[in-house]
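Asker: Dropping the structure in here first, questions after.
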Ligand SMILES: Cc1cc2nc3c(=O)[nH]c(=O)nc-3n(C[C@H](O)[C@H](O)[C@H](O)COP(=O)(O)OP(=O)(O)OC[C@H]3O[C@@H](n4cnc5c(N)ncnc54)[C@H](O)[C@@H]3O)c2cc1C
């Protein structure tokens, strides 16, 4: 271990107490990996912070001694964004979980380690909800979801974390505490630093608290499940629903392989066809029936061969089963998976699906195609077996070509999972193709202002 790291650990133990600073190999191991992916690296220490003041101490000591710092929430990153590639100190914020809801102001305040599910549950006690709903919401933390700009099913209507955050408390390298933003739906106050931190993947500082806008729960939700005999027709139906301004709460798309995978693994009674769309429509009791009918009519006009609809909670759960089980089924069926995350303009959705199918055939790989297609975000999951000769290499090529499809169609290599270690090269391609070649250099300059010694989450975004 380098001298500066040994010194930092010794100072941290003195400042915070031995219990909060983990250095034993078996305690560090869980922090050397994240939810998925091939990346692994051991940190030198993990600090369990309990308060903003604890984080201040870590950033004061680490900055002075130039030791890398990696903020970590639930560790559910899919892109290696929490891997301590240069060792250093992981700040584990998972014990900081206080939540406060103000119905009068329509806001919720949460500490960075609270999970998205916990914030949502607290809001629901008051008849409200937090709109962004990553599928990983039971582990995804407030800090991690903001730093990753996470989204979810409800993105079709409500976008991702960036649309809902109003104000954040941060600790910057050196230990300065700065609140950015106001707890208001409307204000003007200098540069928009709140949104600079959203999606920054821990490269600028540590978010310790956040204040969000929240929404009243809808009176009623109707769930629709539509079957299509052609994936491209389903893609066109999604684009048409959006074009007509119907704006459902969720618009999820699943291909035949996805449904078959879920059926095989979980032995469920779900319809199998070339494509399924699951859509939720919400609103007042009076409005929701009319809106649901319009969505159903659109699906039928676009070629749906079977449409079911329900507002009964048990039946709604049945209609949703194929989507809920998709990632779990893929990880059980294939020894290794790469979960992709491209986003394309809605007008290019069917073309993207066509090209993805070509990639699957070209590389002779297992691939399920699903996604939050209502906002153009597709999650093809590539399955491979590293024990089969050449399969890992083919999977990697398929991953690259999938990213290229996003870029080529005027879209993005990531809709919500972020860049981390995984997508540095695809991001460069995207920026170059879309007139943003200077962006990474500008990011480097911005990072120097916040983090002149480069201690914050080194290597992510290639910074
Ligand atoms: C099964 C599965 C399903 C998923 N589904 C979705 C989905 O539907 N939508 C989606 O968007 N994502 C999804 N993800 C990806 C991931 O769960 C989300 O991005 C999640 O929001 C990350 O939260 P986390 O607390 O686990 O972050 P972590 O993995 O702990 O960290 C993510 C990044 O944020 C940084 N960070 C963490 N906390 C802080 C902080 N307090 N201050 C500054 N930086 C910080 C880290 O350094 C890292 O760069 C999924 C992952 C899995 C495993």
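The values are calculated or read from the model by the stated rules, or taken from the named source; none is laboratory data. What you are looking at is a predicted structure, and each value in this text was computed from that prediction instead of being measured. Cβ coordinates were reconstructed from backbone atoms using ideal geometry, including for glycine residues, and neighbour counts include every protein chain displayed.
Asker: Residue 39 passes all but one of (1) assigned to a loop (DSSP other than H, G, I, E, B); (2) touching a residue at least 40 places away in the same chain (Cβ under 8 Å); (3) under 20 Å from residue 113 (Cβ atoms); (4) within 20 Å of the chain's Cα centre (by Cα); which number fails?
Answerer: Status for residue 39: all satisfied but (3).
Asker: Which ones in the stretch 410-449 are under 21 Å from residue 88 (Cβ atoms) and under 24 Å from the mean Cα position of the chain (by Cα)?
Answerer: Listed by number, the residues that qualify are 418, 419, 420, 421, 422, 424, 443, 444, 447.
Asker: Report yes if residue 175 is over 30 Å from residue 356 (Cα atoms), more than 21 Å from the chain's Cα centre (by Cα) and in contact (Cβ under 8 Å) with a residue 60 or more places away in the chain, otherwise no.
Answerer: Yes.
Asker: Right, next: Take the residues of the stretch 448-461 that are more than 13 Å from the ligand (Cβ to nearest atom) and assigned to a helix (DSSP H, G or I): which is surrounded by the fewest Cβ atoms within 10 Å (Cβ to Cβ)?
Answerer: If we take residues in the stretch 448-461 being more than 13 Å from the ligand (Cβ to nearest atom) and assigned to a helix (DSSP H, G or I), then 449 is surrounded by the fewest Cβ atoms within 10 Å (Cβ to Cβ).
Asker: Please tell me if residue 290 is under 23 Å from residue 268 (Cβ atoms) and without any contact (Cβ under 8 Å) to a residue 12 or more places away in the chain.
Answerer: no
Asker: Among the numbered conditions (1) modelled with pLDDT of 95 or more; (2) closer than 27 Å to residue 343 by Cα, tell me where residue 178 comes up short.
Answerer: Tallying (1) modelled with pLDDT of 95 or more; (2) closer than 27 Å to residue 343 by Cα, residue 178 fails exactly one: (2).
Asker: Hey, another quick one. Determine the pairs where a residue that is farther than 15 Å from residue 334 by Cα, located within the stretch 388-399, has a partner that is in a helix (DSSP H, G or I) with Cβ atoms under 6 Å apart, the partner being 6 or more residues away or on another chain.
Answerer: 398/359
Asker: Checking the structure you have, find out if any residue of the stretch 124-140 is part of a helix (DSSP H, G or I) and within 16 Å of the ligand (Cβ to nearest atom).
Answerer: Taking every residue of the stretch 124-140 in turn, none turns out to be part of a helix (DSSP H, G or I) and within 16 Å of the ligand (Cβ to nearest atom).
Asker: Could you tell me which numbered condition residue 418 fails, if it satisfies all but one of (1) within 16 Å of the ligand (Cβ to nearest atom); (2) farther than 30 Å from residue 173 by Cβ?
Answerer: (2)
Asker: Residues being outside any strand (DSSP E or B), free of Cβ contacts under 8 Å to residues at least 24 places away in the same chain and in contact with a helix residue (DSSP H, G or I) (Cβ under 7 Å, 6 or more places away or on another chain): count how many of those fall in the stretch 88-107.
Answerer: 1
Asker: Which of the residues belonging to the stretch 64-86 are touching a strand residue (DSSP E or B) at 6+ places or on another chain (Cβ under 6 Å) and near the ligand (Cβ under 6 Å from one of its atoms)?
Answerer: Matches in the stretch 64-86: 70, 71, 72, 73, 74, 78, 82.
Asker: So, one more: State all residues of the stretch 172-200 that are assigned to a loop (DSSP other than H, G, I, E, B) and within 18 Å of residue 71 (Cβ to Cβ); if no residue qualifies, say none.
Answerer: If the condition is that a residue be assigned to a loop (DSSP other than H, G, I, E, B) and within 18 Å of residue 71 (Cβ to Cβ), then 172, 173, 174, 175, 176, 198, 199, 200 are the ones that fit.
Asker: Test residue 292 against the criterion of being over 24 Å from residue 369 (Cα atoms) and modelled with pLDDT of 95 or more, and give yes or no.
Answerer: Here the answer is yes, as residue 292 does meet what is asked.
Asker: Here are some conditions: (1) part of a helix (DSSP H, G or I); (2) at pLDDT below 95. Residue 28 meets all but one. Which one does it not meet?
Answerer: Evaluating residue 28 over (1) part of a helix (DSSP H, G or I); (2) at pLDDT below 95 leaves (2) as the failure.
Asker: Another one. From 7, 53, grab the single residue that is at pLDDT 95 or above, away from the ligand (no atom under 13 Å from the Cβ) and within 16 Å of residue 96 (Cβ to Cβ).
Answerer: Going through 7, 53 in turn, just one is at pLDDT 95 or above, away from the ligand (no atom under 13 Å from the Cβ) and within 16 Å of residue 96 (Cβ to Cβ): 53.
Asker: Of the conditions (1) more than 27 Å from the chain's Cα centre (by Cα); (2) in contact (Cβ under 8 Å) with a residue 12 or more places away in the chain; (3) not in a loop (DSSP other than H, G, I, E, B), residue 303 satisfies every one except a single condition; which number is it?
Answerer: Result: residue 303 fails condition (3) only.
Asker: Considering each residue of the stretch 131-149, count those that are in contact with a strand residue (DSSP E or B) (Cβ under 8 Å, 6 or more places away or on another chain) and within 18 Å of residue 208 (Cβ to Cβ), and give that number.
Answerer: 7
Asker: Another question, if that's okay. So, in the stretch 183-204, of the ones that are at pLDDT below 95 and surrounded by 10 or more Cβ atoms within 10 Å (Cβ to Cβ), which residue ends up farthest from the ligand (Cβ to nearest atom)?
Answerer: 187
Asker: Do we have any residue at all in the stretch 158-171 that's buried (at least 24 other Cβ atoms within 10 Å of the Cβ), in contact with a strand residue (DSSP E or B) (Cβ under 9 Å, 6 or more places away or on another chain), under 17 Å from residue 70 (Cα atoms) and at pLDDT 95 or above?
Answerer: The answer is yes; a qualifying residue exists.
Asker: Further, regarding this structure: Kindly evaluate residue 110 against the criterion of being touching a residue at least 60 places away in the same chain (Cβ under 8 Å), more than 8 Å from the ligand (Cβ to nearest atom) and not assigned by TED's automatic domain parsing to the domain that holds residue 16.
Answerer: yes
Asker: Residues in the stretch 327-335: is at least one touching a residue at least 60 places away in the same chain (Cβ under 8 Å), farther than 30 Å from residue 243 by Cβ and part of a strand (DSSP E or B)?
Answerer: no
Asker: Take the residues in the stretch 362-390 that are at pLDDT below 95 and assigned to a helix (DSSP H, G or I), then tell me which one is surrounded by the fewest Cβ atoms within 10 Å (Cβ to Cβ).
Answerer: 375
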